[in-house]
Amino acid sequence: MIDRTTVDRIYAAANIVEIIGEYVTLKRKGVNYMACCPFHNEKTPSFVVSPSKGLYKCFGCGKGGNAVTFLMEHESISYPEALKMVAKRYNIPVEEREETEEDIRRNNDRESMFAVNSWAADYFMNYLHNETEGRSVGLSYFRQQRQLTDATIRKFGLGFCPSYGDRMTRDALEAGYKEEFLKMTGLTKARESDGHLYDPFRDRVIFPVHNISGRVVAFGARTLRSDKKVAKYLNSPESEIYSKRNEIYGLYFAKRAIQQQDCAIMVEGYLDVISMHQVGIEHVVASSGTSLTQQQIRLLSRFSRNMTVIYDSDPAGIKASLRGIDLILQEGLNVRVVLLPEGEDPDSFARSHTADEVRQYIADHEQDFLNFKARLLLDETKGDPARKAMVISDMVQSIAQIPDSIQRAVYIKECARTTDTPEQVLIAEVARKRLSTSGDREADEFLRRQTQQVMSEQRDDEQTPVINTKIEAGSSFETLERDLIRFLLLHGHQSFEVKEGQHMVDCNVAEFIFGELDCDQLKMENPHYQSLLDCYREAWKERGVGVAVPEDIFVKYDNPLVSQLAIELLMTDKNYVVSNLWRQKDVHIESDEELLSAGVPKTLTIYKSKVIERMIRQQQERLSDESLSEAEHDEALRQIAHLNNVKMRLANKIQRLIL
């Protein structure tokens, strides 16, 4: 263990602003610094660093401590490891007493893997520069084909793995590194046939992957062969020290520039990053050919809330990566998109232009993500209304990810203008998607008001038929579920209108039903109805909103009982009015749309009230259990009181809907 004197020297030398500033963007506020907390997801800074006290504190999640405890928490390392990191930063020699067996068991494997990766990175780089094969194959590739300078090659630690099958493994073993750690890091593999060890990265140029602290956690290896049967890239496997979901290539080299520019540029590959850095644009990182993950986006957001994504001109690749934009929006970042000229990628574009030219091109061609997505997707609809509806639904899905309500409102207005769609329709769709995915209270309130007003007022136009929809709320689960599935199979692709303020808003039947069921995580009691619901949902997702689902999908269902049920429902007359709900002598239904406007919201609301009644009964039955503790008894009473309040709100809602 580290002696007390050395510990005191480490604490005295540690500059908490410098250390924490390596991980988050600190902004001075008076005598302190503030940032968004790296330990939980927040949009408003509540993380405070006090240089005079040498302490940090997050007033959001409550975490706090000093520079050493920050490293322990952030890097998931032990106290001695954190002390060593600080000591290394300030060139303080560390004297240790013998570690206990427990300390060794906890830290040995992880440190051994870091050590073997560090050795391998040096080995590959040395082989590239000092061995004949490395210079003639690897170095000539970097210099001539990729036009990289020696300074750039050394900055990123680029290397070459010998082509001889097990050369690197034998050298590592001779250097004293253990076979188990060579295997754990993916640097060495054993043949299945005879167990012989070999180098999986042999005859490839090497790209070390550094974590945010600068330690080598993995490698990417590119073949220089033209044989299409050989994988172009091989990457280190997931390990105790490497998770590709958590790492961003180039962030260690780019983080200061990202802070200075208050923007991160996202590209795809290793060479895209390296060439951009070489030309002088250093706030560039890469997802390394994989889809962006939430963890990667949150890591980037510590340094800037602004991101620019650069795409080459490949339409298929762009579409495949659009999901990443939705994740960026979900984390509350501002995202813009740049499309490069045809035939160019960030690597080639940087090599053929100066830094000023690249910066100017980005400034001139940056687009808001919505305009970019609209132009990309709408161009392919070619006047097809069904395909256009699918594109609009896709754009609404992106807008629904944005957490800030003001930003959402701006994007909805822009989307309405771009797609020539009524703004109120988009507002309703965004609200439903947010409610179904995140339980957004704002969306819930919007839809609550929307549903309350359905048929609650007569239309001003006297020629419009008035629907007197007095209904009974005593229908069974079986009847309600049957009616919901009937609406879905017969009318799922159709729309109906509900009133929102002074405007009428279009609702798609299938999307409305799925949204209402999903927001409360409801599943049908009858498994056959649930099977039809799932079958319709899957087919509906493939086709999009407003597109009819072929009936034979349900008729040919592999379960004959479900198939027979589907046939019965599909054979129902489409003028059918919901069985037990509409048997009133004064009911007047003029059209399908009136049927849907009257029936779908009411059926769903009554169905939810039935679910609440069942939950109340379950809690009441629980109270009769004599083995309940006092705390459990009180909790059951609280649940009943809460459910009764919900039941009353639903009862009032039903009453308003049926009057």
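The values are calculated or read from the model by the stated rules, or taken from the named source; none is laboratory data. Because the structure is predicted, anything quoted here is derived from the model rather than measured. Glycine also receives a Cβ, built like all others from the backbone with ideal geometry; neighbour counts cover every protein chain displayed. Please note that ligands, DNA and RNA were not included when accessible areas were found on the heavy atoms of the full protein model with its side chains. Shrake-Rupley method; radii C 1.70, N 1.55, O 1.52, S 1.80 Å.
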With a 1.4 Å probe and all protein chains kept in place, how do D625, D199 rank by accessible area, largest first? D625, D199
Amide H proximity to I77 below 5 Å, modelled H, separation 5+ or other chain, gives none
Using 0.36 nm per residue, how much length does the chain from T69 to H353 gain when fully extended, once their Cα-Cα distance is taken away? 97.7 nm
From the cross-link list K382/K556; K53/K84; K43/K388, which pairs have alpha carbons spaced over 27 Å apart? K382/K556; K43/K388
Note on segment 99-198: alpha-carbon gyration tensor, axes a ≥ b ≥ c; rule is a/c under 1.5 for rounded, else prolate if a/b larger than b/c, else oblate; result oblate
Positive dipole terminus of segment 208-252, leading residue within S226, V216, L251 (C-beta point charges): S226
Alpha-carbon centroid distance for the pair segment 2-80 / segment 185-239, whole angstrom: 36
Going by amide H atoms built from the backbone, whose H comes under 5 Å of the H on I2, apart from near neighbours? R97
Could you name the lysines in cross-link range of K155, using Cα to Cα under 21 Å and dropping any fewer than eight places away on the same chain? K88, K255
The pairs in K523/K602; K27/K63; K57/K244; K189/K232 lying past 21 Å Cα-Cα in this model are K57/K244
Could you work out the local net charge near M72, counting Lys and Arg as +1, Asp and Glu as -1, over the other residues with Cβ closer than 12 Å to its Cβ? -1
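Over segment 80-212, with the other protein chains present, what is the accessible area per residue in square angstrom, probe 1.4 angstrom?
Using a 1.4 Å probe on heavy atoms only, each residue of segment 80-212 averages 51 Å².
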